[in-house]
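What follows is a set of notes on a single structure, which appears directly below.
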Amino acid sequence: MDDTQLDKLLSPRDTWAESPELLDAMLVRMAARAEQEHRRPRRRRGARVAAAVGALVGAGVLATAATVYIAPNFTPDAVIPISYVTDTGRSVECSYSLAIRSWNGTDVTAAKAWIASHDWTGIGQRGYDLATQNPLKVGDPDMDPEISQETLDQMMVSTGISTVVVQEIPQDYLDRLGVGTAGTSTCKWELH
């Protein structure tokens, strides 16, 4: 998907973005790409991760560890309160709206009920702590030199919190073809 397609997909005024057939085709491609990525060995992906996550954060869309897609009429299954204390002692509070989606007809009723009734207490701090375990710095190998430290810091916190949110969900709910998560957030992903 290129920037023009992403812009059209995210544009609420554009009838192109409201086409269910187009969304279905995009979701199938994204699921196939996610499955390929999942099978690759885990390693730091540097500039590719920075560019992808940076673009998503800039668009106000949060990528999670599971397959993510953007629905034109997003309705969350749960609004998760996120709170954490930064390394400078500052308290941060925001929210993360999460939904379980199926684009191939798989029944996700149990997963939706689970995330709606789950106690998400402490998830923000755990995500922040995960983010600070492997800090990214401008000048790191494979890092795009045009990405600022502020953007890298936001990416670390965003990725840390979204990772622990998805890891909290029992794998039985997500390890099925055509099932993934969608999310948005009010967070600014502050590191310090």
Applying the selection to the range 82-116, what residues are more than 22 Å from Leu130 (Cβ to Cβ), of a type in the set (Val, Ile, Thr) and in a helix (DSSP H, G or I)?
Thr109
Reported set for the range 89-118 where residues are in contact with a Ser or Thr (Cβ under 9 Å, 6 or more places away or on another chain), modelled with pLDDT under 95 and loosely packed, with under 11 Cβ neighbours inside 10 Å is none
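Assess whether Gly124 counts as being closer than 15 Å to Gly183 by Cβ and either touching a His at 6+ places or on another chain (Cβ under 6 Å) or small (Gly, Ala, Ser) (or both).
Criteria met by Gly124.
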Say we look at the range 126-148 and pick out the residues that are open to solvent by 50 Å² or more (accessible area, probe 1.4 Å) and modelled with pLDDT of 90 or more; which of these is nearest to His192 (Cα to Cα)?
Thr132
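So which of Asp175, Asp153 ends up being among the charged types (D, E, K, R) and exposed (fewer than 13 other Cβ atoms within 10 Å of the Cβ)? Walk me through how you get there before you give the answer.
On the way: Asp153 fails: exposed (fewer than 13 other Cβ atoms within 10 Å of the Cβ).
Just a single option satisfies the conditions, and that option is Asp175.
The values are calculated or read from the model by the stated rules, or taken from the named source; none is laboratory data. Bear in mind the structure is a predicted one, so any value in this text is a computation, not a measurement. Please note: Cβ atoms are built from the backbone with ideal geometry, for glycine as well, and neighbour counts cover all protein chains shown. Areas reflect the complete protein model, heavy atoms only, side chains present, ligands, DNA and RNA absent. Shrake-Rupley method; radii C 1.70, N 1.55, O 1.52, S 1.80 Å.
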